[in-house]
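Novice: Below: one structure in structure tokens.
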Amino acid sequence: MPRRRTRSERESVDEFGLDDRGGLSSRLADLVPATLARRGVVVSVDTDRPVYERDDPVEITVEFENRLPVPIAVPTPKRRLWGWTVDGHLEASDERLYTRSDPSTFDFRGGERKRVSVVWNGRLERTDGIHESVVPEPGEYEITAFVATHPETYRPSDSTTVRIR
């Protein structure tokens, strides 16, 4: 059973007493195979409500959880560690976004949860000929959040649907 952290302990010490400043914790993460690390992460995505008026902003909350009791490092082929899409369009846009091609890792302590909130402005960015911001038609739209692992590998993700009326 994990021990509870006391107030006097440094914040860089995780619940198992491992120093999380890159030393032992980082070396332990290196021992976990990338395949297991990817499968150890669970993604959940939610919105602040299920139905929106046209042009309303949508607050999206994404949570990433390391289900493993040990630190992990999930490799990503580029600097992007995670992302979100609306009906398959990255950040609700069909514009190609530049991301540095340097590989990176999405690091987690044992059992760690990371929560991020973003706001979709309720519009779709279109770049066919002219760049424009389009208010979507009424209907259902799928919002997906994911860990930006290599596309050919297992990609932890979750989706939710919102309705625009």
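Novice: Among the residues of the range 76-103 satisfying the criterion of being among the polar types (S, T, N, Q) and within 14 Å of the chain's Cα centre (by Cα), which is farthest from ILE143 (Cα to Cα)?
Specialist: So in the range 76-103, the residues among the polar types (S, T, N, Q) come out as 76, 85, 93, 99, 101.
This time we only want the ones that are within 14 Å of the chain's Cα centre (by Cα), so: 76, 85.
Working: THR76: 21, THR85: 6 Å.
Going through the qualifying residues, I end up with THR76.
Novice: Identify all residues within the range 98-110 that are in contact with a strand residue (DSSP E or B) (Cβ under 6 Å, 6 or more places away or on another chain) and either in a loop (DSSP other than H, G, I, E, B) or not β-branched (Val, Ile, Thr) (or both); write none if there are none.
Specialist: Of the residues in the range 98-110, the ones in contact with a strand residue (DSSP E or B) (Cβ under 6 Å, 6 or more places away or on another chain) are 104-108.
Passing the criteria: SER104, PHE106, ASP107, PHE108.
Novice: Right, next: Quick test of your reading of the structure: ARG54 fulfils all but one of (1) out of contact with any Pro (no Cβ under 8 Å at 6 or more places or on another chain); (2) assigned to a loop (DSSP other than H, G, I, E, B). Name the failing condition by number.
Specialist: Here ARG54 clears every test but (1).
Novice: Would you point out which residue out of PRO71, PRO77 is surrounded by 16 or more Cβ atoms within 10 Å (Cβ to Cβ), touching a residue at least 40 places away in the same chain (Cβ under 8 Å) and touching a His at 6+ places or on another chain (Cβ under 6 Å)?
Specialist: Values: PRO71 fails: touching a His at 6+ places or on another chain (Cβ under 6 Å).
Sole residue among the options that is surrounded by 16 or more Cβ atoms within 10 Å (Cβ to Cβ), touching a residue at least 40 places away in the same chain (Cβ under 8 Å) and touching a His at 6+ places or on another chain (Cβ under 6 Å): PRO77.
Novice: Working only within the range 119-155, note down all residues that are assigned to a strand (DSSP E or B), among the charged types (D, E, K, R) and over 16 Å from the mean Cα position of the chain (by Cα).
Specialist: Start the filter on the range 119-155 by keeping residues that are assigned to a strand (DSSP E or B), which leaves 119-120, 124-126, 132-134, 139-147.
Subset that is among the charged types (D, E, K, R): 125-126, 132, 140, 142.
Of everything in the range 119-155, those that are assigned to a strand (DSSP E or B), among the charged types (D, E, K, R) and over 16 Å from the mean Cα position of the chain (by Cα) turn out to be GLU125, ARG126, GLU132, GLU140.
Novice: Please go through the range 113-136 and give me each residue that is of a type in the set (D, E, K, R), at pLDDT below 95 and loosely packed, with under 13 Cβ neighbours inside 10 Å, ordered by number. Outline the logic, then answer.
Specialist: The initial filter retains those residues of the range 113-136 that are of a type in the set (D, E, K, R), namely 113-115, 123, 125-126, 128, 132.
Subsequent filtering for residues that are at pLDDT below 95 retains 123, 125-126, 128, 132.
Within the range 113-136, ASP128, GLU132 qualify.
Novice: Now, a different point. Could you tell me which numbered condition VAL70 fails, if it satisfies all but one of (1) among the hydrophobic types (A, V, I, L, M, F, W, C); (2) assigned to a loop (DSSP other than H, G, I, E, B); (3) modelled with pLDDT of 95 or more?
Specialist: Result: VAL70 passes all but (3).
Novice: Quick test for you: out of ASP107, ASP102, pick the one residue that is crowded, with 16+ Cβ neighbours inside 10 Å, among the charged types (D, E, K, R) and under 25 Å from PHE64 (Cβ atoms). Can you show your working first?
Specialist: Working: ASP102 fails: crowded, with 16+ Cβ neighbours inside 10 Å.
Being crowded, with 16+ Cβ neighbours inside 10 Å, among the charged types (D, E, K, R) and under 25 Å from PHE64 (Cβ atoms) holds for just one of ASP107, ASP102, which is ASP107.
Novice: When you scan the range 30-40, do you find a residue that is assigned to a loop (DSSP other than H, G, I, E, B), touching a helix residue (DSSP H, G or I) at 6+ places or on another chain (Cβ under 8 Å) and over 15 Å from ARG113 (Cα atoms), even just one? Before you say what the answer is, go through the steps one by one.
Specialist: In the first step, residues of the range 30-40 are kept if they are assigned to a loop (DSSP other than H, G, I, E, B); the result is 32-33.
From the residues that got through so far, the ones that are touching a helix residue (DSSP H, G or I) at 6+ places or on another chain (Cβ under 8 Å) too are 32.
Among the residues that remain, those that are also over 15 Å from ARG113 (Cα atoms) are: 32.
Looking for residues that are assigned to a loop (DSSP other than H, G, I, E, B), touching a helix residue (DSSP H, G or I) at 6+ places or on another chain (Cβ under 8 Å) and over 15 Å from ARG113 (Cα atoms), one finds at least one in the range 30-40, hence yes.
Novice: Quick check: anything in the range 67-74 in contact with a strand residue (DSSP E or B) (Cβ under 6 Å, 6 or more places away or on another chain), β-branched (Val, Ile, Thr) and over 18 Å from VAL118 (Cα atoms)?
Specialist: Scanning the range 67-74, I find at least one residue that is in contact with a strand residue (DSSP E or B) (Cβ under 6 Å, 6 or more places away or on another chain), β-branched (Val, Ile, Thr) and over 18 Å from VAL118 (Cα atoms), so the answer is yes.
The values are calculated or read from the model by the stated rules, or taken from the named source; none is laboratory data. Predicted, not measured: the structure shown is a model, and the values here were computed from it. Note that each Cβ is placed from the backbone with ideal geometry, even for glycine, and that neighbours are counted across all protein chains shown.
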